[in-house]
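Report on one structure; see the data block that follows.
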Amino acid sequence: MTESSKHVTHWIGGKPWDGTAERQGDIYDPATGQVTGHVDFASPAEVDAAVDAARTAFQSWKNVSLSKRAAILFKFRELVHSHVADLAALITAEHGKVASDAAGEVARGLEVVEFACGIPHLLKGGFSENVSTGVDSYSIRQPLGVVAGITPFNFPAMVPMWMFPIAIACGNTFVLKPSEKDPSASLLIAQLWAEAGLPEGVFNVLQGDKVAVDGLLHHPDVAAVSFVGSTPIARYVYEQGTQAGKRVQALGGAKNHMVVLPDADLDLAADAAVSAGFGSAGERCMAISALVAVEPVGDELIEKIKTRIAKLRVGPGTDERAEMGPLVTGAHRDKVASYLDSGVREGATLAVDGRAHPIIGGESAGFWLGPSVLDHVAPGNSAYDDEIFGPVLSVARTDSYEEAVEMVNNSQYGNGTAVFTNDGGAARRFVNEIQVGMVGVNVPIPVPMAFYSFGGWKNSLFGDTHVHGTEGVHFYTRGKVVTSRWLDPSHGGVNLGFPTNA
Ligand code: NAD
């Protein structure tokens, strides 16, 4: 099969779908700008087929022993581990990120699989003997049924892996609707599950767009939906899903501020701002997109950032020299670049223009945009207010710590933030005062490990539960408390009073 004939379809009931799609989407190689294949878009009939397969599989999967589930997860972990390079290659070919970054996202996803391998421990309930004499109480957590995961383009392996290892380990069956922009990784993941011995129908993949999403949101047999993507769609998914009676966690967009206090190590801060601002071309929900310099350090910090940016190597993700790849689509590249002009129109100065950055080894039709810095950005400038989701770092200056904190707390988003300082007391105060879900102290991208939970505040998350960690286990299960009495001959008799332990 030639690369240009790549065809990506659904995975339903343990095998690739063999039907003919009514609609398809193009898959691009962002480094060349060329169409490399097509992805089937699900119609309502395929949504039904995937959910039916998952519903049927649930009847037996929910009763598979915890040790057997853990054994399959261990096997899956080994298979993914031995296919990291293959998954990374698929991601680079469709997303554009450099190979080491793509491998890094698989590694972070694997940490969730490793966490889920501990499911026998994670699902332990509580037991109380003699809540009343001769009466015992215990709590258990049971799976929900069919759960769906709807995921964004920017982490085609890691974000789905935030969800399905725990959902499946808890005894649910899963329907994944990955981004239509980079759908191939999901199919390799499905194959690896099958090879690991996961029964057919426990993990399904539905390719497509809004039709597939709406179908899942309104399907009566889907019990819960995990969503990660932009804020408007997260809000939509949360509202539609909860209205249809489902449990929903919907993670949205972000504007992550890095606050640099005057006493900070400015070399460390500049390294961090460049790494966290331009890694994966800024297409990370935890990317630093707003740098808040508490004066008088602004000018010096900008100079240090400029020096570092000049050395960044931008090129195809497959080129080992490249540190930053192209953007995901031409339309997205143009939208991101438009903020350089509108930002200046609305009062900023263009300190670094990424449109002039050299591209090494890239084809001109690729979706290129080098790292850019807009200085003197302030609230009210759309480059500050909007989530740009590209390699544009907006720098704001404030005169005090208090002003910086106010700026962060006034943002509609609350995903990640970081403070750079050498003052432990200031850092502690920042952690206490900041209204953001994930906070770094001299750490620019504070993504929690798998055994903690990932999620933001405000318009960065709709719902109550963050993903993975113990909150993930909680999201994919529902509690039951049992009160039991095994009669002994001394008990019994009619009692119309409310049960108390008196
Ligand atoms: P997106 O919202 O466009 O798409 C996400 C998913 O929703 C995809 O599967 C897509 O097919 C589907 N979708 C798109 N439009 C839809 C519609 N109108 N109705 C129903 N479904 C629709 O997001 P994206 O561009 O793929 O990803 C980038 C966004 O994701 C950024 O905003 C980023 O901040 C966010 N993100 C957030 C987190 C987080 O943890 N908070 C993590 C990664 C990405």
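Scanning the range 142-164 for residues that are more than 11 Å from the ligand (Cβ to nearest atom), over 13 Å from residue 174 (Cα atoms) and not polar (S, T, N, Q) yields a single hit, 157. Anything in the range 1-16 that is β-branched (Val, Ile, Thr) and either modelled with pLDDT of 95 or more or surrounded by 13 or more Cβ atoms within 10 Å (Cβ to Cβ) (or both)? List them, or say none. Result: 8, 9, 12.
For first residues located in the range 98-121 and of a type in the set (Phe, Trp, Tyr), partners that are open to solvent by 30 Å² or more (accessible area, probe 1.4 Å) and lie 6+ apart or on another chain with Cβ distances below 7 Å form the pairs 115/451. In the range 229-256, the residue that is nearest to the ligand (Cβ to nearest atom) out of those that are in contact with a strand residue (DSSP E or B) (Cβ under 9 Å, 6 or more places away or on another chain), under 24 Å from residue 388 (Cα atoms) and polar (S, T, N, Q) is 231.
The set of residues in the range 423-468 being touching a Leu at 6+ places or on another chain (Cβ under 8 Å), more than 12 Å from the ligand (Cβ to nearest atom) and of a type in the set (S, T, N, Q) consists of 442 alone.
None of 422, 409 is touching a residue at least 40 places away in the same chain (Cβ under 8 Å), more than 24 Å from residue 342 (Cβ to Cβ) and out of contact with any Phe, Trp or Tyr (no Cβ under 9 Å at 6 or more places or on another chain) except 422. Mind checking whether some residue in the range 166-174 is within 16 Å of the ligand (Cβ to nearest atom) and part of a helix (DSSP H, G or I)? Looking through the range 166-174, at least one residue is within 16 Å of the ligand (Cβ to nearest atom) and part of a helix (DSSP H, G or I). It is to be established whether one or more residues within the range 290-299 are within 16 Å of the ligand (Cβ to nearest atom) and under 28 Å from the mean Cα position of the chain (by Cα). Yes, the range 290-299 contains a residue that is within 16 Å of the ligand (Cβ to nearest atom) and under 28 Å from the mean Cα position of the chain (by Cα). Within the range 230-280, restricting attention to residues that are without any contact (Cβ under 8 Å) to a residue 40 or more places away in the chain and under 16 Å from the mean Cα position of the chain (by Cα), the residue that is surrounded by the most Cβ atoms within 10 Å (Cβ to Cβ) is 233.
Among 347, 380, 354, 343, which is of a type in the set (Gly, Ala, Ser), closer than 22 Å to residue 96 by Cβ and away from the ligand (no atom under 16 Å from the Cβ)? One residue alone meets the criteria, 354. Summed over the range 281-326, residues that are assigned to a helix (DSSP H, G or I), of a type outside the set (A, V, I, L, M) and open to solvent by 10 Å² or more (accessible area, probe 1.4 Å) total 7.
Okay, residues lined up against (1) more than 22 Å from residue 471 (Cβ to Cβ); (2) open to solvent by 20 Å² or more (accessible area, probe 1.4 Å):
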{"residue": "78", "(1), (2)": "yes, yes"}
{"residue": "84", "(1), (2)": "yes, yes"}
{"residue": "94", "(1), (2)": "yes, no"}
{"residue": "103", "(1), (2)": "yes, yes"}
{"residue": "114", "(1), (2)": "no, yes"}
{"residue": "118", "(1), (2)": "no, yes"}
{"residue": "128", "(1), (2)": "yes, yes"}
{"residue": "135", "(1), (2)": "yes, no"}
{"residue": "140", "(1), (2)": "no, yes"}
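Beta carbons closer than 9 Å, at least 6 apart along the sequence or on distinct chains, pair a first residue in the range 365-392 that is more than 16 Å from residue 259 (Cα to Cα) and touching a residue at least 40 places away in the same chain (Cβ under 8 Å) with a second that is among the aromatic types (Phe, Trp, Tyr) and open to solvent by 30 Å² or more (accessible area, probe 1.4 Å) for 367/28.
Each residue in the range 257-280 was checked for being part of a strand (DSSP E or B) and within 13 Å of the ligand (Cβ to nearest atom), and 0 of them qualify.
Restricting to the range 379-396, give me the number of residues that are open to solvent by 50 Å² or more (accessible area, probe 1.4 Å) and either out of contact with any Phe, Trp or Tyr (no Cβ under 8 Å at 6 or more places or on another chain) or more than 23 Å from residue 281 (Cβ to Cβ) (or both). Going through the range 379-396 one residue at a time, the tally reaches 3. Highlighted here are the strands (runs of 3 or more DSSP E) found entirely within the range 416-489 that include at least 2 residues which are open to solvent by 70 Å² or more (accessible area, probe 1.4 Å): 477-485.
So, residue 145, is that one open to solvent by less than 50 Å² (accessible area, probe 1.4 Å), out of contact with any strand residue (DSSP E or B) (no Cβ under 6 Å at 6 or more places or on another chain) and of a type in the set (Gly, Ala, Ser) or not? Taking the combined requirement at face value, the residue does not satisfy it.
Scan the range 177-228 for residues that are in a loop (DSSP other than H, G, I, E, B) and either basic (Lys, Arg) or more than 16 Å from the ligand (Cβ to nearest atom) (or both) and the total you get is 10.
The values are calculated or read from the model by the stated rules, or taken from the named source; none is laboratory data. Since we're looking at a predicted model, the values are computed, not measured. Glycine gets a Cβ as well: all are built from the backbone with ideal geometry, and neighbour counts include every protein chain shown. In case anyone asks, the SASA skips ligands and DNA or RNA and just uses the protein heavy atoms, side chains included. Shrake-Rupley method; radii C 1.70, N 1.55, O 1.52, S 1.80 Å.
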